[in-house]
Amino acid sequence: MAGAGNDFIIVEAPVEGVRLKRLAIQVCDRTNGIGADGLLVLDKSKKADYKMRIINADGSIAEMCGNGARCMASYIAQYKKPKKKLFNMETLAGLVLGEAAGEIANVRLSNPVNYKPDIPIVLMGRKISVHYINTGVPHTIVYVDDLANIDVAKIGHIIRHHDEFEPRGCNVNFVEQINQNTVSARTYERGVEDETKACGTGSVAAAIISYLKANLIVVNKSNARMKVKTTGGETLEVTFDVKEGKISNVWLKGSAKFIASGKFYFK
């Protein structure tokens, strides 16, 4: 499946003995496997309707993936025929609410935490200011004026491993403001260790921080809206509430397309 350019392999909980890390590395390999940004595993949950496990292409575990959650929501709606329009999914970042119609999926993510604006860091001998927020996974936002010509792979790798964000590291989002309600973003993803065509939690991070920067005096606002243009060419819609300066009720909406289904021979 592909969600706004992020692509994933989805499997249902495999039989005992299958090593998911090894499976993810093999199946996500773009030369000797199917090729994907990550592996999503649909499993049973004791505290939610479903459970989603996320393994990055390098075999590392991810707490959350926004576009992955949208793909999983679309998969559940298509193949599990849930009785409820809105169903919840257990993730390492908390419960995610999802709904899908056709190949459009909308998910409510966990509330963001640890917002830290204007963090000074030294990058390649220059002092710059970046912004940090955890939208299920850690994200750093870097505002730029010429997004198309940024060396995302090189600079993203440096910031991802910067001392400021150790030991976990972070995803790195380069963001350009288009207008008051729209930004463009390119993302270097931790776990993929390269630029991806889109990043759901990164788009949410870019949307929230851009909104807060543009609306410094807003304390309470329901259904705030931002659009995020991705490298994959699609636009994701992010809505959220601001209450006493805190962000909640975060929804991410966009495409979740079925590409193919079949068998994979796992060694």
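A few remarks follow.
- Listed by position, the strands (runs of 3 or more DSSP E) inside segment 131-216 whose residues that are surrounded by 24 or more Cβ atoms within 10 Å (Cβ to Cβ) number at least 2 are 138-143, 171-179, 182-189.
- Considering only residues in segment 155-186 that are among the β-branched types (Val, Ile, Thr) and touching a residue at least 40 places away in the same chain (Cβ under 8 Å), the one that is nearest to MET226 (Cα to Cα) turns out to be THR182.
- Candidates THR235, THR231 - the one that is modelled with pLDDT under 95, surrounded by fewer than 23 Cβ atoms within 10 Å (Cβ to Cβ) and under 15 Å from the mean Cα position of the chain (by Cα): THR231
- Filter pass, ILE247 being buried (at least 16 other Cβ atoms within 10 Å of the Cβ), assigned by TED's automatic domain parsing to the domain that holds PRO138 and more than 24 Å from GLU103 (Cβ to Cβ): yes
- Qualifying residue in segment 14-30 (condition: closer than 16 Å to THR91 by Cβ and under 12 Å from the mean Cα position of the chain (by Cα)): no
- Only one entry of GLY59, GLY35 meets the criterion of being touching a Cys at 6+ places or on another chain (Cβ under 7 Å) and either assigned to a loop (DSSP other than H, G, I, E, B) or more than 23 Å from ASP241 (Cα to Cα) (or both), and that entry is GLY35.
- Matching residues in segment 100-154 - criterion: being at positive phi and without any contact (Cβ under 8 Å) to a residue 60 or more places away in the chain: GLY102, ASN114, ASP118, MET124, GLY125
- Residue under evaluation GLY35, criteria (1) closer than 21 Å to THR187 by Cβ; (2) in contact (Cβ under 8 Å) with a residue 60 or more places away in the chain, criterion not met: (2)
- Options ARG22, ARG70, ARG30: the member that is within 25 Å of LYS227 (Cβ to Cβ) and not assigned by TED's automatic domain parsing to the domain that holds ASN171: ARG70
- With respect to (1) assigned by TED's automatic domain parsing to the domain that holds LYS85; (2) crowded, with 21+ Cβ neighbours inside 10 Å, the lone exception for ALA101 is condition (2).
- Scanning segment 99-115 for residues that are modelled with pLDDT under 95 and of a type in the set (D, E, K, R) yields a single hit, GLU103.
The values are calculated or read from the model by the stated rules, or taken from the named source; none is laboratory data. Please read all numbers here as calculations on a predicted model, not as lab measurements. For neighbour counting, all protein chains shown are included, and Cβ atoms are generated from backbone atoms with ideal geometry for every residue, glycine included.
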